Every structure is written in C-alpha cells, then in structure tokens.
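Engineer: Just passing along the structure, written as structure tokens.
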Amino acid sequence: MTVQPVGRMAHRTSTFRAWVLHLLRLAILAIVVLIISWKAELRSQQRQATPAKTPELLQVQPYLPDATAWGGVDSQTGIQSLINETGNIVGHAAWTSPIADDIVGFSGPTNVLIVFDNDLILLGLAILESQDTEDHVEAIRKDGRYRSWWKGLSWTEIANASNVDTVSGATLTSLAMAQSVVTRLGGKAPSLKFPEEFTAKDLEEVFPEAESFEPRSEERRSWIVFDKSGKHLGTVLSTSPSADNLVGYQGPTETLVALDPDGRVLRMAVRKSYDNLPYVDYLDEDWSWPELFAGLSLEQVAEYDLEAEGVEGVSGATMTSMAVAQGVIKMAQGSVAPQKQEPPSPRLWNVSSVPWGTVVVLTIGGLIGSTRLRGQKWVRIPFQLVLIGFVGFVQGDMLSQAMLVGWAQHGLPWKTSLHLILLMIVAVTWPTLSRRNLYCSHLCPHGALQQLLLPGSRRRRSLGKRANRGLSLIPNLLLIWVVIVAAGGLGVSLVSLEPFDAYLFRIAGWGTIMVFLVGIVASLFVPMAYCRYGCPTGALLELTRRHGRSDHLESLDAVRLLLLAVAVITAYST
Ligand code: SF4
C-alpha cells in the first residue's frame, strides 16, 4: 500500500475545500441573480394579471358628489352607473384599462377614469394609475388641465375627437391618455400622436419629383401622388396609426413609405418622431437605410423577418431604426389580407446578427491573456489600441451593470446579442477556472485605456492607506445599489453609473460622460483608478474569482452575503 506524503494529502484537502467554498460563493451570486429575475417576472405577471379594478368612489365623487355607491354595469358598453342614497342613478363611469392597455406613452399605458352625467355628457377625467414614466405622469397631474379635456362633450363627440390640449414636457403621455379615452369609447381617431395634415413638403423626402397629391383612403393615412403632367407616380403610406405604440429609445416615429405605381417600395423617410433627435438624425445620415425595403411589394414587407435578414439597424441608433423598420412591417401587415400574415419561424439563435469582428478581436484577447504573449509589449499595446478603437468606440461591446441587470430581468437576448452573452459567460467562468480575471485584464476596452495611461513615477500620486481602503469600498457599495435597484424594480437608470456608454459618445448621456472623464483623469495620476475605486462590474467579476486562499473565509465573503441579504430584503419589501 502506498503511503501518501502528509504535505500532498493536506494540499488535496485544501484544494477540495477551496472548490467547495468557491462553488458556495458562486451559488450565492446565482441566487442573487435568480431573485432579481424572479421579482421582475412577478412584477410583469402582476401587471398583466391585475384586472382593472373598480375605482374608489372617492375618485368619482369630485365629479359626482351625490354618488354613494356603484350601480349596475351596461353589458354592451361596460359602463358602470353610480347611485345616490335613495338608489337613483346620478351618473356613469368607465375606465380605459384593459381595453386601451396597448396604447403606451413613453414607457407604458395609463388607466384613465371617465365620468359622465346621466345624459352621457362628460364631467371629467382622472388618472387611476399609470405605468408610464413617473416624471411625465406627475407633470400631467400637476398641470391638471387633462381633467377638463372634452368636458361638456357627449360620448359620441369624444369618440370622434381628433385633438387635445397636451402638457408640454409630457406630450406623448398626454396624447396616449387621450387616445386611450377615445379608444375606450369606441372611437377611431386616426392618430392623436401624429395628427398633422399631409402637405407638399412631406413629399420632398419620398417623392421629390411629385407635384400634387390626393388622399387615397380615409381609414388609412395614404395619398396618391402625381407629377406636373398629372401622371400617377405612386402612393405614399404612413406608418401611423399602425406603429404609434412602437417605441424606439423614447417614443414612436411616423414613417412615410413611397410605393411605385406597381405597389413596390421605393424608399422610406421619417416624418415626425418623439424619439431622441440625435438618433433620428442618424437615420438620415445612413444612405442605405431609406431603401431597406426597396423593390418589395407590401405583401413581401408584411412577411419580412428583420432577424432572418440580418438587419441590425443603424449604428448608434439601433433601437430607433429597428422600431422604424418594425413600424413599416406592421403597417404593411395591416394593409394586406390576413391570410398572408405568417409569423416568423421561432429560432433560438441568430448567428447572422453576430458582429464577427468583435468575436475575432476578443478571441485574440483571450489568447494573449492566457498565454505568454501577455508579457510581450509589442503584442499587448497594438492589441489594446484595437480593443479600445474597435470594440470600444466602434462597436461599444462592453459588459456593464445596466446590461447585466437588463438580462437578469428580461432574459438573455440570444437572437440579437449572442456575442455579448458568450463574452459574459467567459468573463464570469474564467476567474473560477483559471484564477485570473481575463475580462478586466485583456478584454475590457476601458481597462485597456487605463493601462495605456498608466502614470510614470513622476506623475504617480500615492493615496494613503486609509484613503485607499475607504475608496476601495466604492465599487462594492455601487454593486449593493445595483442589487437594490434591480431587485426592487426601481425605475432608476444604471447606465450613468458606469463610463461604458461614453464610448458611443454620440448617444451618451452627461452622467456617463462625466464618470468617464473623472475616471480617466484620475487614472493619469493613480494607476487604474477607475477600475480600483469605481467599477461595480469589475467588483462583480472579482467576486467570481478563485484564488490561492479560497479555502478560507475572506472579506469578500461578507460582500457576497451582504448582496444576498440586500436582494432578499429588497425583494420582500417591494
Ligand atoms: S474594472 Fe471595470 S473598467 Fe476596469 S477593466 Fe474591469 S470592467 Fe473594465
């Protein structure tokens, strides 16, 4: 029988203990992610399952002070009567949810109470609840004018209304509310969001050679176009109202689509948008975008599968451009016979959407980081420049808290961001398998930028021990804040917590740009200042790292347990 040397036995025991402890550490992090995901799912289910409850009498009484109880419901219209103490009907009320729940302002629908007198003349409106952006809803509540929109008009007159007095700064939310009321009352207002008359100026973008036009249909916004000699040039279709509820970054867009006399698409152009203006302008700058559907019939547009065709949108304005393209498809689907609408085949992956350039650069980074090449300056520096320039500034492909939380809450975007999911898997598993944080040392453009800016001995400033210890807490504190926001479903944007969006500087907000600038200036004097004292993503990856002393409890275990406690407490208290 072979006798194991005591040292080797002890080493094996320690390795085994290190693995068990480390797997427990990963399990804690996984539970935090599951809690965030479970809470997001729960919130979504609650939103969908909550039936529109009958409003409180208190909400109706400002308009019907004599009402003391709810009466019967009209089976045809769903409108509910209100009765006084003697049982006489004093008025009626209806609310817009769930009938108008698909009408969204900036980010969600608003349930509006509609109160009528006995002759079905409107007494006033009230906001019951809203899933729209809080600031906008608050602005409308404060403004208060919406309460008397259409006051004194009959049910039928409101159902045919075509304009309202909107609240500036919350135009889209006001319009969505108004449209919800019109829809609830069975109206067919073509579009309150894009009510502008079509004019000759609109022709300039889609039919520069046209001279005149006439409406083609009252139901749909479409116009027949003629040249100087009266020759039929084609037709212009508007994506409104079909696409009024497709939101890009911040709002819907009305697009005009030009068809030739044979009904084939010539080009498209944005007519009006509530989205962020810089993004909308990018669509005009991309010469190929207006002709995305060129040559296709409306039937073919209706069946167009953006993913299968590998359409990625306009760089820097992906969400706006994809919402525009989906809007055109939706409009086409509404224009063709229902039997021709076939849902796209379900697929888990969409390899055609993978930016292979990013994959190649990151694979090279992985090779450099896991071999002796990492010590070679002549390899490392050119690679870092490519990483910063291409993966950072051109592609903007970086892991961030905003992205990871979005994935935990809404699922992994297999079809659109397969490469980022693979990057995340590598970033999270590598520190466990190899004890090295490959993402931070070799794949993160912002880390590479700070490595290039490493201060020499002249510029370098040293922080005292205390300051160093205190500042090192910041990334973990930010991580705790991220868990509170994510588990609690607080509507707080995490984008400006980190500098990564600043690489897409054309769309970056000031918060992100400030974090970028402060971090970079600090890195000129203190090596890797942002990574060490500011980055929650780096802190998260550090929590997944196995190292030589993983067989013992360590200070980061307290952080892991704290994250778990914060997730549990936040989840149960919200
Ligand atoms: S710590 Fe943050 S900024 Fe630094 S390399 Fe890691 S992820 Fe990038």
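No value in this document is a laboratory result; all are computed from the given coordinates. None of the values given here were measured: they were computed from a predicted structure. We place every Cβ from the backbone using ideal geometry, glycine too, and count neighbours over all the protein chains shown.
Engineer: Decide, for segment 60-184, between rounded, prolate and oblate: order the square roots of the alpha carbon gyration tensor eigenvalues as a ≥ b ≥ c, take rounded if a/c falls under 1.5, and otherwise choose prolate if a/b is larger than b/c, else oblate. Before the final figure, lay out the partial values.
Structural biologist: Working: a/c = 1.86, a/b = 1.78, b/c = 1.04.
Cα axes put segment 60-184 in the prolate bin.
Engineer: Taking 2.2 N^0.38 Å as the expected size of a compact globular protein, what ratio does the Cα radius of gyration of the chain give against it, to two decimals? Numbers along the way, then the final one.
Structural biologist: Values: Rg = 29.3 Å, N = 574, 2.2 N^0.38 = 24.6 Å.
That ratio works out to 1.19.
Engineer: Something else: On a full-extension model of 0.36 nm per residue, what is the gain between VAL359 and SER229, subtracting their alpha-carbon distance, rounded to one decimal in nm? Don't jump to the answer; show the numbers that get you there.
Structural biologist: Details: separation 130, 0.36 × 130 = 46.80 nm, distance 5.53 nm.
The VAL359-SER229 span can extend by a further 41.3 nm.
Engineer: While we're looking at this one, here's another question. Apply 1/(1 + (r/R0)^6) to the Cβ-Cβ distance of VAL379 and GLN76, taking R0 = 51 Å, and write down the FRET efficiency to the nearest 0.05. Let's see the in-between values first.
Structural biologist: Working: r = 76 Å, r/R0 = 1.49.
Using R0 = 51 Å, I get an efficiency of 0.10.
Engineer: Would you list which lysines come within 28 Å of LYS193, measuring only between C-alpha atoms, while excluding same-chain residues fewer than 8 positions from it?
Structural biologist: LYS53, LYS142, LYS151, LYS201, LYS272, LYS330
Engineer: On a C-alpha basis, how far is the centre of segment 49-119 from the centre of segment 395-459 in Å? Whole number, if you could?
Structural biologist: So the two Cα centres are separated by 51 Å.
Engineer: Test of understanding: what is the full-extension gain from ASP305 to LEU367, defined as 0.36 nm times their sequence separation minus their Cα-Cα distance? Can you show the working numbers first?
Structural biologist: On the way: separation 62, 0.36 × 62 = 22.32 nm, distance 3.63 nm.
Contour length minus Cα-Cα distance gives 18.7 nm.
Engineer: Can you give the helix-only mean residue ellipticity at 222 nm for the chain, where every DSSP H stretch with n ≥ 4 adds -39500 (n - 2.57) and the sum goes over all residues, rounded to the nearest 500 deg cm²/dmol?
Structural biologist: Taking each H run of at least 4 residues, the total per residue is -13500 deg cm²/dmol.
Engineer: While we're on this one: So what's the net charge close to PHE383: Lys and Arg +1, Asp and Glu -1, counting the other residues with Cβ under 11 Å from its Cβ? Each step should come with its number before you reach the end.
Structural biologist: Values: positive: ARG374, LYS377, ARG380; negative: none.
Around PHE383, the surrounding residues sum to +3.
Engineer: With each label point set 7 Å from Cα along the Cα-Cβ vector, what nm distance links ILE99 and HIS410?
Structural biologist: 3.0 nm
Engineer: So, in nm, how far is label LEU57 from label ILE121 when the simple model puts each one 7 Å beyond its Cα toward the Cβ?
Structural biologist: Inter-label distance under the simple model: 2.6 nm.
Engineer: May I pose another question? I need TYR282, TYR146 ordered by Cβ neighbour count within 10 Å, fewest first.
Structural biologist: Details: TYR282 21, TYR146 24.
Neighbour counts put them in this order, fewest first: TYR282, TYR146.
Engineer: Could the peptides 398-407, 156-165 be put in order, highest first, of the mean number of other beta-carbon atoms found within 10 Å of their residues? Could you put the intermediate results ahead of the total?
Structural biologist: Details: 398-407: 20.7, 156-165: 15.2.
Going from most to least packed, we get 398-407, 156-165.
Engineer: Next up: Counting other Cβ atoms within 10 Å of each Cβ, which trypsin sites (Lys or Arg not before Pro) in segment 479-574 have at most 16 and sit in a DSSP loop?
Structural biologist: On the way: sites: ARG506, ARG532, ARG545, ARG546, ARG549, ARG560; in loops: ARG506, ARG545, ARG546, ARG549.
Those satisfying the criteria are ARG506, ARG549.
Engineer: Here is a follow-up. Most exposed first by the Cβ proxy, i.e. fewest other Cβ within 10 Å, how do LYS377, LYS39 rank?
Structural biologist: On the way: LYS377 7, LYS39 21.
Listed from fewest to most nearby Cβ atoms, that is LYS377, LYS39.
Engineer: Computed FRET efficiency, Cβ-Cβ of PHE393 and ALA10, R0 60 Å: what is it to the nearest 0.05?
Structural biologist: According to the calculation, E is roughly 0.75.
Engineer: With an 8 Å Cα cut-off and a minimum separation of 6 or more residues, compute the relative contact order for segment 60-184 in percent.
Structural biologist: Taking the mean separation of contacting Cα pairs over the length of segment 60-184, I get 22 percent.
Engineer: Quick one: order PHE226, PHE500 by neighbouring beta-carbon count within 10 Å, fewest to most.
Structural biologist: By the 10 Å Cβ count, ascending: PHE226, PHE500.
Engineer: If you average the sequence gap of Cα pairs under 8 Å that are 6 or more apart and divide by the length of segment 453-530, what percent do you get for the contact order?
Structural biologist: On the way: 65 pairs, mean separation 30.8, N = 78.
Once divided by the residue count of segment 453-530, the mean separation gives 40 percent.
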